[in-house]
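Novice: My structure is below; once you've seen it, I'll send some questions.
The values are calculated or read from the model by the stated rules, or taken from the named source; none is laboratory data. Everything numeric in this text was worked out from a predicted model, so none of it was measured. Note that each Cβ is placed from the backbone with ideal geometry, even for glycine, and that neighbours are counted across all protein chains shown. These accessible areas exclude ligands, DNA and RNA; they are computed on the full protein's heavy atoms, side chains included. Shrake-Rupley method; radii C 1.70, N 1.55, O 1.52, S 1.80 Å.
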Amino acid sequence: MSPLSNEASLDTISRMLDELSEPRIVITEHFEILHANQAYRAAYGAEAPGRHCYEVSHGYQRPCDEEGESCPLRMTLASGQPERVLHIHRTAHGDEHVDVELMPLADISGHRHLFIEKMKPLQLASSQAAADKMVGRSAVFRRMLLLAQRAAPSRAAVLLIGESGTGKEGLAHAIHDSGGAAQRPFIAVDCASLSETLLESELFGYEKGAFTGANQRKQGLVEAAHGGTLFLDEIGDLPLSQQVKLLRLLESGSFRRVGGINSIPASFRLIAATHRNLAAMVEAGSFRADLYYRLAVFPIRLPPLRERREDIPLLAASLLERVAPGRRLQLEPAALQWLLQQPFNGNIRELRNLLERASLLSDGDVIALENLRADEWNSTPPATPAMQDFHCGLLPLEQLESRYLQWAVEHSGLSRQQLASALQLTERTLYRRLAGRQKKAPAA
Ligand SMILES: Nc1ncnc2c1ncn2[C@@H]1O[C@H](COP(=O)(O)OP(=O)(O)OP(=O)(O)O)[C@@H](O)[C@H]1O
């Protein structure tokens, strides 16, 4: 049976899609666009009908899965179910993260011939340099975004798990901003920085006279978050004695101010974050299992920067806009190469700090390698035998290079790969020159 045998229903569906403000297309199982609604044509171009979806949305010549992307059509054909993926599409506004959902349409005889593709541009993050948003394009970053996108409209408790500096607080904000309560308060509580007694009065507030110094009633953070989001950062640092109080709040949906007798209803969306392994803490008895299951309804792991190195150029451009607005700073190629090789145990925060310092050290509009590596050279002993050669007469250049390389290997503290990049040599050339030096050494 031809996919178009049911012309009347295609017309009806097309008319329905034209009423919608978000981009929608109807495609065949051979990727051909049969109908594109007005919103799609405005975002992707008027010439869409008759062309292939992968061509219009991505500029590809072949289906997405042959270009290293997931293909929702092939996934739907295999599963018979609607499928959802996160793609980066070429739109009139530039490259955008788009939540793509593909739904099979059953025809009269129950076969699947046509599919509706629904596209929702993501507000959570940007795939282009942006000073005010989370940015990233890597597959691991997109997997994380898709989870966040699914969690955002619900009120389910979200647990963000990731090393320090991976962007947990930023993601919590983004989830809040793209959820249904964006206009309501976002209240962040750092569980690690508050003492046991302070935490309780900060969270629940207190009544006048509850303790010495409580001269008037004070609203707590739970009350301040009413209708919005309560973000509990470093939840793994919450002492056991406070865990039970938090559990009571989550189970009963109410709390009492310190020194108060009335139970006050609480209504907030909970997002918690930790760099600790809470499941292991539960095993070890330092975190309550019942609280863990309440918090981890929807866990999202944030990848460390070393797992998404391909995002470093985009992150660096965005962070430079943030730390030095208006200066249009660029990284010289050697500086970017060097950044790509750093371990970044402190993740994006470390990258940001490095760029901020480098921006202060750079006078022009280019960040040079030495601006980034200032710390290493600062801590290097000022004079070594090789460096003193500069002050004790002229040397043949070849000998000077040879001594300099020896000095760099011994004192820079860099791996061979990092050193080669810092010297703007390929690793192979560095090895060759070092080997040449060693061969000549006995005769020297
Ligand atoms: N995807 C991203 N794009 C741009 N900037 C980011 C991104 N993720 C994090 N950052 C920046 O990195 C820094 C650290 O982020 P954030 O404070 O959210 O991390 P964190 O995981 O909450 O850290 P900690 O656990 O130490 O509190 C911030 O300056 C933030 O703006």
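Novice: With r as the distance between the Cβ atoms of LEU397 and VAL140 and R0 = 45 Å, compute the FRET efficiency 1/(1 + (r/R0)^6) and round to 0.05. Intermediate values should be presented prior to the final figure.
Specialist: Values: r = 46 Å, r/R0 = 1.03.
The computed FRET efficiency comes out at 0.45.
Novice: Leaving out ligands and nucleic acids, and using a 1.4 Å probe, what accessible area per residue does the chain come to in Å²?
Specialist: Working: 22670 Å² over 444 residues.
Value returned for the chain: 51 Å² of accessible area per residue.
Novice: Which residue, VAL135, SER359, ILE261, has the largest displacement toward the positive end of the dipole of the chain when charges sit on each Cβ (Lys, Arg +1; Asp, Glu -1)?
Specialist: In the chain, that residue is ILE261.
Novice: Evaluate the distance, in nm, between pseudo-label points positioned 7 Å from the Cα of SER164 and of ARG51 along their respective Cα→Cβ axes.
Specialist: 4.9 nm
Novice: Mind giving me the nanometre distance, one decimal, between the label points for ALA289 and SER412, set 7 Å out from Cα along Cα→Cβ?
Specialist: Those two pseudo-labels are separated by 5.4 nm.
Novice: Full-extension gain between ARG428 and SER154, please, as 0.36 nm times their residue separation minus the C-alpha to C-alpha distance. Intermediate results must be reported in sequence, preceding the final value.
Specialist: On the way: separation 274, 0.36 × 274 = 98.64 nm, distance 5.36 nm.
So the extension gain works out to 93.3 nm.
Novice: Rounded to whole Å and sorted largest first, list the principal axis extents of the Cα atoms in the chain.
Specialist: Principal-axis extents of the Cα atoms in the chain, largest first: 89, 77, 45 Å.
Novice: Nothing charged except the Cβ atoms of Lys and Arg (+1) and of Asp and Glu (-1): what's the magnitude of the dipole of the chain about its Cα centre? Round to the nearest 20 debye. Present the calculation step by step, with values, prior to reporting the outcome.
Specialist: Working: 49 positive and 53 negative charges, 169 e Å.
Value, rounded to 20: 820 debye.
Novice: Which cross-chain or sequence-distant (5 or more) residues have an amide H under 5 Å from the amide H of ILE300, H modelled 1.01 Å from N in plane?
Specialist: Under 5 Å from the amide H of ILE300: LEU159, LEU160, ILE161.
Novice: What number, rounded to the nearest 500 deg cm²/dmol, is the helix-based mean residue ellipticity at 222 nm of the chain, given -39500 (n - 2.57) per DSSP H run of at least four residues and division by all its residues? Before the final figure, lay out the partial values.
Specialist: Numbers: 20 runs with 181 residues, N = 444.
When only DSSP H runs of four or more count, the value is -11500 deg cm²/dmol.
Novice: So which GluC sites (Glu not before Pro) in the range 50-131 pass both tests, a DSSP loop state and at most 13 other Cβ atoms within 10 Å of the Cβ?
Specialist: Values: sites: GLU55, GLU66, GLU67, GLU69, GLU83, GLU96, GLU101, GLU117; in loops: GLU69.
Of the GluC sites (Glu not before Pro), not one in the loops of the range 50-131 has a Cβ with at most 13 other Cβ atoms within 10 Å.
Novice: Work out how much length GLU251 to THR12 would gain on full extension: take 0.36 nm times their residue separation and subtract the Cα-Cα distance, in nm to one decimal.
Specialist: Values: separation 239, 0.36 × 239 = 86.04 nm, distance 4.79 nm.
Value of the extension gain: 81.3 nm.
Novice: A further question follows. Debye calculation, C-alpha points only, no solvent: report log10 I(q)/I(0) for the range 141-294 at q = 0.10, 0.12 Å⁻¹, in the same order as the q values.
Specialist: Log10 of I(q)/I(0), two decimals: -0.36, -0.52.
Novice: Also, I was wondering about something else. Which loop trypsin sites (Lys or Arg not before Pro) in the range 281-382, with loop taken from DSSP, have no more than 14 other Cβ atoms within 10 angstrom of their Cβ? If you can, show how the numbers build up before the last one.
Specialist: Working: sites: ARG288, ARG294, ARG301, ARG306, ARG308, ARG309, ARG322, ARG327, ARG328, ARG349, ARG352, ARG357, ARG373; in loops: ARG288, ARG308, ARG327, ARG328, ARG373.
Sites meeting the loop and neighbour criteria: ARG327, ARG328.
Novice: Taking the dipole about the Cα centre of the chain, with the C-beta of Lys and Arg at +1 and of Asp and Glu at -1, give me whichever of THR274, LEU423, VAL323 is farthest to the positive side.
Specialist: Result: THR274, furthest along the dipole toward the positive end.
Novice: Quick one: net charge of ALA131's neighbours, Cβ under 11 Å, K/R +1, D/E -1? Let's see the in-between values first.
Specialist: Numbers: positive: LYS133, ARG322; negative: ASP132, GLU321.
Summing Lys/Arg as +1 and Asp/Glu as -1 gives 0.
Novice: Same structure, new question: State the percentage of accessible surface on the chain attributable to carbon and sulfur atoms; use a 1.4 Å probe and exclude ligands, DNA and RNA. Numbers along the way, then the final one.
Specialist: Details: 11480 of 22670 Å².
Ligands and nucleic acids excluded, carbon and sulfur reach 51 percent.
Novice: Counting pairwise Cα distances across the range 3-121, what percent come out greater than 19 angstrom? The partial results should precede the final answer.
Specialist: Details: 2877 of 7021 pairs.
Roughly 41 percent, once rounded to a whole number.
Novice: In nm, what is the difference between 0.36 nm times the number of residues separating GLU66 and ALA435 and their Cα-Cα distance? Display every interim value, and only then the final one.
Specialist: Working: separation 369, 0.36 × 369 = 132.84 nm, distance 4.36 nm.
Additional length available on full extension: 128.5 nm.
Novice: Take the alpha carbon gyration tensor of the range 128-204, find the square roots of its eigenvalues, order them as a ≥ b ≥ c, and report rounded if a/c is under 1.5; if not, report prolate when a/b exceeds b/c, else oblate.
Specialist: Numbers: a/c = 2.12, a/b = 1.64, b/c = 1.29.
Prolate, since a/c reaches 1.5 and a/b exceeds b/c.
Novice: Between GLU32 and LEU240, what's the calculated FRET efficiency when r is the beta-carbon distance and R0 is 60 Å? Round to 0.05. Mind dumping the intermediate values first?
Specialist: Working: r = 61 Å, r/R0 = 1.01.
For GLU32 and LEU240, the calculated efficiency is 0.50.
Novice: A follow-up question, please. Mind counting lysine pairs for me in the chain? Cα separation below 28 Å, and the two need to be 8 or more apart along the chain or on different chains. Spell out each step's value before the answer.
Specialist: Values: LYS118/LYS133; LYS120/LYS133; LYS120/LYS168; LYS133/LYS168; LYS168/LYS245; LYS208/LYS218; LYS208/LYS245; LYS218/LYS245.
So the count of such lysine pairs works out to 8.
Novice: Rounded, prolate or oblate: which fits the range 274-330 when a ≥ b ≥ c are the square roots of the eigenvalues of the alpha-carbon gyration tensor, with rounded for a/c under 1.5 and prolate only if a/b beats b/c? Don't skip to the end; give the middle numbers.
Specialist: On the way: a/c = 3.98, a/b = 3.16, b/c = 1.26.
It is prolate, given that a/c is not under 1.5 and a/b is the larger ratio.
Novice: If you don't mind, there's one more thing I want to ask. What ³J(HN,Hα) values, in whole Hz, does the Karplus curve 6.51 cos²θ - 1.76 cosθ + 1.60 give for the range 32-39 when θ = phi - 60°, with x put for Gly and Pro?
Specialist: Result, ordered by residue: 7, 7, 8, 8, 10, 6, 4, 4 Hz.
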